[in-house]
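Trainee: Take a look at this one; I'll ask things after.
The values are calculated or read from the model by the stated rules, or taken from the named source; none is laboratory data. Owing to the predicted nature of the structure, the values given are computational and were not obtained by experimental measurement. All Cβ positions, glycine included, derive from the backbone under ideal geometry; neighbour counts span all protein chains shown. Calculation scope for accessible area: heavy atoms of the full protein, side chains included, ligands and nucleic acids excluded. Shrake-Rupley method; radii C 1.70, N 1.55, O 1.52, S 1.80 Å.
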Amino acid sequence: MNLTNLISSNDTLSNISALLARFGLSALFVLTGLSKIEYYDATAQYMASVGVPGMLLPLVILLEVLGGIMIIAGLFTRLTALAFAGFSVVSALLFHFQLDDQTQFLMFYKNIAIAGGFLALAASGAGKFSLDQWLLSRNKA
């Protein structure tokens with residue numbers, strides 16, 4: 001068997017891969033969202049330092065924590081993944097677009113790569129091990 005077809009030709013491996021991809025993409029956001037709660041004032045000040053109103057912080061936290069949990073669970077996956085892709089690009093442009101600084105350069109492209117992962121998730125869907133699939137199968141019954 002061709003190694004590149006190992007996952008695509010095996011439904012179980014494909015669905016496990018989708019689950020692990022959802023977890024990997026969103027765990028970062030859940031953790032950083034919780035960190036923003038813990039360091040709320042410092043995060044609001046950092047946002048303000050780049051011209052983003054601190055009053056948006058609750059929405060950012062909501063997206064990161066609730067949206068991250070939704071991606072992990074596979075609930076409204078395609079729509080939520082599109083929201084995260086947009087969020088990742090906007091975050092890259094607002095907070096990391098200092099490409100002459102090596103750290104910011106890497107952070108910028110990390111965000112762009114994450115956006116690409118979320119776009120792939122939006123295109124492929126959550127897979128069998130998800131609430132999206134459960135809801136779909138329940139509605140067919």
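Trainee: Quick one: how many residues across the stretch 122-140 are among the acidic types (D, E) and within 17 Å of S8 (Cβ to Cβ)?
Mentor: Matching residues across the stretch 122-140 total 0.
Trainee: Next up: Could you tell me which of the residues F84, F108, F95, F76 is in contact with a Phe, Trp or Tyr (Cβ under 9 Å, 6 or more places away or on another chain) and closer than 26 Å to L13 by Cα?
Mentor: F84
Trainee: Report yes if some residue within the stretch 36-47 is touching a residue at least 24 places away in the same chain (Cβ under 8 Å), exposed (fewer than 15 other Cβ atoms within 10 Å of the Cβ) and hydrophobic (A, V, I, L, M, F, W, C); otherwise report no.
Mentor: Yes, the stretch 36-47 contains at least one residue that is touching a residue at least 24 places away in the same chain (Cβ under 8 Å), exposed (fewer than 15 other Cβ atoms within 10 Å of the Cβ) and hydrophobic (A, V, I, L, M, F, W, C).
Trainee: Among the candidates L63, L121, L75, L99, which residue alone is at pLDDT below 95 and either in contact with a helix residue (DSSP H, G or I) (Cβ under 7 Å, 6 or more places away or on another chain) or open to solvent by 60 Å² or more (accessible area, probe 1.4 Å) (or both)?
Mentor: L99 is the lone residue from the list that is at pLDDT below 95 and either in contact with a helix residue (DSSP H, G or I) (Cβ under 7 Å, 6 or more places away or on another chain) or open to solvent by 60 Å² or more (accessible area, probe 1.4 Å) (or both).
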